[in-house]
Structure formats: structure tokens, C-alpha cells
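Reading through the C-alpha cells given below for one structure.
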């Protein structure tokens, strides 16, 4: 059994020591630090990216909030403007209507007065004509002059009755 | 059976270059040649694959990172944060044994780890190192390792010798497990390879078996290297934390 050849032990052990120590030095000085470095950098990069992503998400959320606030403000402002405009237009219309009403009233009053005056005039004319007619009729039929003031009273009472 | 056909012939140490230093035989043997090849291959594998230092690893870089993380996790889980110092040693140990096991599976090559003297050298080094580490770290308290906590003092005369024996047998079990696995596997492969040739056309049956056996041996090569690393971590943990 070759494993029991004691004479072969020394060369195996010597070369085992040489090669294993060499490999240990190569691993611990060169290979392992490089792998550790790459792994660490990847970890760093990953956590950095994650951090950045979450920061961007926060930013986006904030932007959305700002947008919504602006929208709400604009909406309420638009509402206010609409209300104001409506009120203004209504007030204007009211004012115009009032002015028109006043003018109309004045005109009506004036016309009424004129009509009143015309009526009065006509009325007074009717009285004179009635008196004159009565006088003329009296003169023609009775042959006597009827007193004007008595005729006037009679006409007045007749007109009062008819009115 | 002729000498060349013995299944054990593959384990023979052959002196390639005779070297003698002060009466000590330091000849460069086939075993030493394999060790040198292992050192070169492991170094090339871990440096060339990491040459790109890519953020997204290539296939080879992935394997290198995977082996790094496997051992890093084993050390971290087995020993904890104090194990960081010993990580390069455990990693070197794992890689050395793994490559010795795997390269030994190549026909006509030589399996360094099939020699008990090699595995025992590893085991003894770990055993002595771990014991010194425990004594330096804990002083006399280190011997509490031999009396598990919470055990009635009456049982001590029985338990302490058992614990001491189990502690002392660690290097033996550690080294024999690896060397025996390697030796047995390679011997069986050699025997069945002999059948393939001897049976001629009917050799197809042992040939199929040989293929399956070869796959199994490849797995064992990896597994035994890993077991060696795990047990090293376990012993380190005992010395650092004294049984938790």
C-alpha cells in the first residue's frame, strides 16, 4: 500500500508545506482582497441605486402633491373669478334696469301731466262751450239772456253727475 | 495480478527529481507536481476570472464569487465575526483540497489527498492550532470544553474522559474521512475500469456504472472538501466560544 511507505512521507510533507503556504499567501494577499473588493463595490452600488431610487420616488411624490395643490388653488381661483364676474354683471344689469325704470317713470309722469293738462283744458273748454251753447239756445228758444253764472252752476252740476 | 494492474498502483509516489537537503529527502514527486499544479490552477482561476472586475459578473467570475461566498458564509455561520481572521486559511484549505480531489479524478493523474500523511498533516495542523488558540484565548478555562455545561458533577468522571477522547480523535477522524473517501473512490473506479477492459463487448455494463460512479465521485470530491472546511470552522468555533 503506497500510503504506508514511510520513506515517501518527508517529500510529501515538505512540498505540501511549500505549496500550501504559497497558495495561502497568494489567496490572502491577492485573490481574496480582489473578490472582496468587487463584492463590496457591488453591494455599495446596489444600496446606492436603491437609495437614489427611493429619493427619486420621494421627489416625484412631492411634485405630484405640489401639482395637486396648484390645481386646487387654480380651481378655487377660477371659481372666485367666475363668482365675481357674475356678481358684477348682475350689479350692472340691476343698475341699468334701475336707470331705465327711473327714466321711464319720469317720462310717464311727464306724459301724465301733459294728458292731465289737456284734459283740464278740454274740460274747461267744454264748460265754456256748454255755457255758450246754453246761452245761445236760451236766446234762440226763450228770447232772453240766461245769466252766465247760473248756467255755469247748472253745467257744473251736470258734469259732476256724469263724471 | 501484475504490478501495473493493481488498483493501488495509482497511489504510488514517484520521484521525478531527487532532492536531498541535509539528509532529508525533499524530492520533487508526482504528488508535489500535482500540488504545484493545484496552486497554479487555483491562482489562475481566481485571478483570471476576476480580471474584468465586472459589476455584472461573467460565468467564471460568478464561480469565483460563489466559492468565496460559500466559504465566507460557512465561516460566518460557523464561527461568527471573530472568524474573519481565519477566513483566508479556511478558503485556501477548501480550494486546495477541492482542486486536489477534482484533479485526481482525471485519468493517469495523481490524487494528493488520497495519502493519509497529507490529510493528517492538515488535520494535525488544525488540531494543534485550534488547541493553542483556545488556550491563549481562555487560559485554564479552555478545559471547561471537556465538561459540558449543566451536567451533574457526579457524571464528570465518566464524561470528561469521553470528551477528551473525542477531542483527541478529531484529527484522526478528520484526516481519515478525507483520505479514505478519496482512496476508496479511486480504487473502485480503477477496479471497474479493469472490468470494462476485461469483459470486452460486455464491458458496456461496468462502463455505464463507471460513468455514474464518476459523477458520484465528482460530488464526493466537492463534498469532502466542503466537509473539511465546515469541520475546521466547527473546531475553530469551539476554541473561540467554548461550546454555546
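What the table below lists for this structure:
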read-out	value
Convex hull volume per residue for the stretch B:102-244, taking Cα atoms only, in Å³	131 Å³
Cβ-Cβ FRET estimate between residue B:125 and residue B:9, R0 fixed at 30 Å, reported to 0.05	0.55
10 Å Cβ neighbours from other chains, averaged over peptide B:55-63	1
Rg/Rh (Cα only; Kirkwood hydrodynamic radius) as it applies to the stretch B:81-129	1.07
Inter-site label distance for residue B:209 and residue A:79 at 7 Å from Cα along Cβ, in nm	9.1 nm
Under the Debye formula (equal points on every Cα, no solvent term), log10 I(q)/I(0) of the protein assembly as shown at q = 0.11 Å⁻¹	-1.00
Distance between modelled label sites at residue B:82 and residue B:136, nm, 7 Å Cα→Cβ extension	1.3 nm
Segment residue A:102-residue A:115, length gained on full extension (0.36 nm per residue, minus Cα span)	2.7 nm
For A:25-37, mean number of other protein chain Cβ atoms within 10 Å	6
Mean-position separation - Cα centroids, the stretch B:134-166 and the stretch A:65-101, in angstrom	93 Å
Prolate/oblate/rounded label for the stretch B:135-177 (Cα gyration tensor, a/c 1.5)	oblate
Ordering of B:226-232, A:2-8 by packing [mean C-beta count within 10 Å, highest first]	B:226-232, A:2-8
Distance cut-off 34 Å, percentage of C-alpha pairs in the stretch B:3-241 lying past it	30 percent
Hull volume in cubic angstrom per residue (convex hull over the Cα atoms of the stretch A:1-150)	195 Å³
Exercise: per-residue mean of other protein chain Cβ atoms within 10 Å, B:24-35	5
Ordering of A:15-27, B:118-130 by burial proxy (mean other Cβ atoms within 10 Å per residue, highest first)	B:118-130, A:15-27
Chain B - percent relative contact order, Cα under 8 Å, separation 6 or more	25 percent
Cα-based shape type of the stretch B:34-141, given that a ≥ b ≥ c are square roots of the gyration tensor eigenvalues and the cut on a/c is 1.5	oblate
Per-peptide average of other Cβ atoms within 10 Å, ordering A:74-85, B:6-17 highest first	B:6-17, A:74-85
Helix B:30-48 vs. chain B, principal-axis angle (Cα, 0 to 90°, nearest 10)	80 degrees
Separation in nanometres of the label points that stand 7 Å from Cα toward Cβ, at residue B:223 and residue B:36	3.4 nm
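Values quoted throughout were computed directly from the atomic coordinates according to the rules given, and no laboratory measurement underlies them. Being a predicted model, the structure only gives us computed values, none of them experimental. Here the Cβ is made from the backbone with ideal geometry for all residues, glycine too, and neighbour counts use every protein chain on show.
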